[in-house]
């Protein structure tokens with residue numbers, strides 16, 4: 001009986017997956033799938049201008065963009081679009097390591113009619129996994145991100161679907177979601193955010209027929225330009241022979257500090273525009289001067305350079321927080 005049910009379900013799933021052109025697979029392992037899908041399937045590609053694909057982005061640019069994505073379970077309708085402090089990142093460091101290169105390769109190969117699709121599967125038990133899937137596309141200066149599944153539990157064994165064999169049961173299997181990563185399966189209630197929301201190009205609001213809280217439109221070129229010094233510094237350090245696990249942890253700390261500085265600089269500038277100029281505040285509003293030396297550090301100097309950068313960044317964060325704390329009541 002179980003064998004017959006599994007055969008029927010496999011035939012059903014395969015039939016659902018062969019209704020259009022075969023997607024182009026970029027990377028495929030049990031834990032990670034990256035491929036190119038027709039835009040109308042995953043990224044609202046019908047009726048609009050073609051995507052600006054293919055796109056050449058560096059690995060560090062991809063990592064910086066993906067590392068700025070946040071996601072969490074929703075807490076009531078009113079909080080669907082509120083980026084609460086402490087919202088966790090969508091991808092941890094280990095996931096970014098695996099995801100960056102395949103996404104970079106996908107953007108270099110994707111056509112104007114296709115979107116870049118990814119699926120991550122994490123084993124939870126012998127018969128269960130959790131899946132996260134989404135699509136990325138670019139039009140002009142805007143990167144669009146849609147998240148379809150967020151750490152949602154699925155069955156990994158077809159015979160474990162159950163006696164009812166309802167369509168909802170069939171869809172909540174790993175095999176089905178790998179075939180159709182742009183389909184939201186089961187009951188899910190989550191929201192997607194960008195770490196620096198002022199780069200979002202659209203204001204999201206509630207809807208009964210779609211899920212705007214699961215999509216983002218990002219002015220990615222402006223975001224990358226703001227973070228160019230950080231990306232360049234990461235590339236130099238990562239290319240150094242002294243690239244150890246400790247250095248990578250330091251690098252993440254530097255990235256977090258620089259993001260904090262970028263936010264504080266904007267708030268500082270807003271305060272400066274509203275208040276008279278004073279010598280002390282002029283000195284406080286000066287940004288850190290980026291290093292002009294673009295040569296990769298030697299192994300002996302890497303750790304020292306990292307610590308110096310972090311110390312400077314921490315000092316700047318303290319200066320900005322002190323200034324904002326003094327001026328904000330005005």
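Table: residues versus (1) assigned to a helix (DSSP H, G or I); (2) outside the structural domain of residue 109 (by TED's automatic domain parsing); (3) modelled with pLDDT of 95 or more.
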| site | (1), (2), (3) |
| --- | --- |
| 15 | yes, no, no |
| 21 | no, no, no |
| 25 | no, no, yes |
| 30 | no, no, no |
| 49 | no, no, no |
| 60 | yes, no, no |
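Inclusion of residue 194 among residues that are touching a helix residue (DSSP H, G or I) at 6+ places or on another chain (Cβ under 8 Å) and at pLDDT 85 or above is not warranted.
Here 121, 163 are screened, and the one residue that is surrounded by fewer than 22 Cβ atoms within 10 Å (Cβ to Cβ) and modelled with pLDDT under 95 is 163. Among the residues making up the stretch 171-182, a single one is touching a strand residue (DSSP E or B) at 6+ places or on another chain (Cβ under 8 Å) and farther than 21 Å from residue 29 by Cβ: 172.
The values are calculated or read from the model by the stated rules, or taken from the named source; none is laboratory data. Fair warning: this is a prediction, and the values are worked out from it, not measured in the lab. With ideal geometry, Cβ positions are generated from the backbone for all residues, glycine too; neighbour counts draw on all protein chains shown.
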